[in-house]
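Q: Handing you this structure, nothing more for now.
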Amino acid sequence: MEGSSANISWAGRWFLTCSLRWRVVLVLAGACAVMAGILGHSVEDHLSTASMLPAHAESRRADRALEQHFRLGEPQLVFLAQSDTRVDTAEATKDGLRLTQRLIADRAVAHLRSYWTAGTAEREALLSRDGRCAVVAVRLRGGDEQVLRSARRLMDRESGQRGGFTISAAGEAATRVEIARQVEHDRAQAEMLALPITAMLLLFVFRSLIAALLPVIVGALAVLGMMAAPRGLAAFTEVSLFAVSVNSGLGFGLAVDYSLFLVSRYREEQARGMSAGDALLTSWVVAGRVVFFSATTVVLSLGALLAFPNTVLRSIAFGGITVVIFAAMVSLLVLPALITALDPWLDKGDIFSRWRSALSSTTTKSQAGSWGRLASWVSHRPLRVTLGSDRWPAAPSSTIRARPVRSAERTGTTANLNRRAGPRHPAHPISTRHGGHQHTVPSDVGQCWPNHHKPDR
């Protein structure tokens, strides 16, 4: 490394400075990780299950105008009170009035309509056919985030066994709360299933336990940075929960790619007889250029999502751009320091060494095997491959475009979610329509969308 230092660029000199002070780099990286972990610890409490409609959509503007000027609007939260007997008995009426009064007394409730306080002509719409289920429809105060926080709190407080009723929640806000919970549950389940498979693949590809830990560290640092960034961004704009759930996998995927670029090149240079320092410098210059252009390409691609006036897509773009930048930065700054620190153990502990040797002995005489032949074939026929890759997906897509649409129906997010909704709030599965709007309500309850003002107190 010393012999070649006179011929390297400013980037190489900067890299040499960082590699010689790898302890400082690792300490700073650890401190940044702790800070990012603290900031991102409660990030999901600050994110939203944002509506798929943009904030300036006509329907949302009309709903806000109805709320602000006329105290009207579609109820976001519906409580279903189910009883073993009829809900109009004396005991059931007392329990129903207690539920209604608790909701009326809550500051988050703007207005409501309850079976037990509605007029005689309105009661039929709030009662099931067998008389054992009644509805309290609630309109909540505030914007989207405040409505979701209030809905989550009211659902947790009121749902379950209350007196003689079994109370469950439904409506748009309840569905969005359940979406957030389902996303978190699915993400945790997917991570548990993917962990052992990913661990075995990393051990095989990186050829040792220590080397396999490198992309895990890079991915963890990138995801921690990505989780801290939306926390700060949420203070200025609405950020969707999907920004974290979607881009966590992207961060770890890029961490594996970028780590493999550097580690593989580092091993190749050492196999050619280079010293550890020179091999790491060459790897950083060559593979680092690949990492930089790869990250730039992904960032520009994700930036296209910012053109759409949709909170979910923009949040995915913000989170994706953040995690790509962090993955590239950690790969170019922290990973060389990790390689320097762990170099004596980098190639020890290959549990697949015997199988790998047997596999390599059965490969073709070509140095790169079948992959090398494929790469050579593609590189010698660039025009034919390019035209072929453009035409191949065109055939099925043209067939799809040519097929007539026999029926079409516009549905919301709840259409598919309802089939998978958990038992915590079982009032979700059925949708009915009233006044041109789709509402999620229990199956045995009639159309009951009101505009009943909260009584003056």
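Values quoted throughout were computed directly from the atomic coordinates according to the rules given, and no laboratory measurement underlies them. Bear in mind the structure is a predicted one, so any value in this text is a computation, not a measurement.
Q: Provide the convex hull volume over Cα atoms per residue for segment 132-180, in Å³.
A: Value for segment 132-180: 79 Å³ per residue.
Q: What is the distance in Å between the Cα centroid of segment 216-231 and that of segment 147-180?
A: Between the Cα centre of segment 216-231 and that of segment 147-180, the gap is 32 Å.
Q: Using the Karplus curve 6.51 cos²θ - 1.76 cosθ + 1.60 with θ = phi - 60°, work out ³J(HN,Hα) for each residue of segment 105-117 in order, rounded to whole Hz, and write x for Gly and Pro.
A: Going residue by residue, I get 6, 6, 5, 6, 8, 7, 7, 8, 9, 10, 4, 7, 10 Hz, with x marking Gly and Pro.
Q: I would also like to ask the following. Where does segment 88-194 land on Rg/Rh, using Cα atoms and the Kirkwood Rh?
A: 1.06
Q: In addition: Sequence-distant or interchain residues sharing an amide H contact under 5 Å with L127, placed H: which?
A: The answer is G446.
Q: Volume per residue, Å³, of the convex hull around the alpha-carbon atoms of segment 216-269?
A: 65
Q: Ok, one more. Hey, what do the phi angles of segment 190-207 turn into as Karplus ³J(HN,Hα) couplings, whole Hz, using 6.51/-1.76/1.60 and θ = phi - 60°, x for Gly and Pro?
A: 5, 5, 5, 6, 7, 4, x, 5, 5, 4, 5, 5, 5, 4, 6, 6, 8, 6
Q: If we restrict to alpha carbons, what Rg and Dmax does segment 176-297 come to, in Å?
A: 17.6, 59
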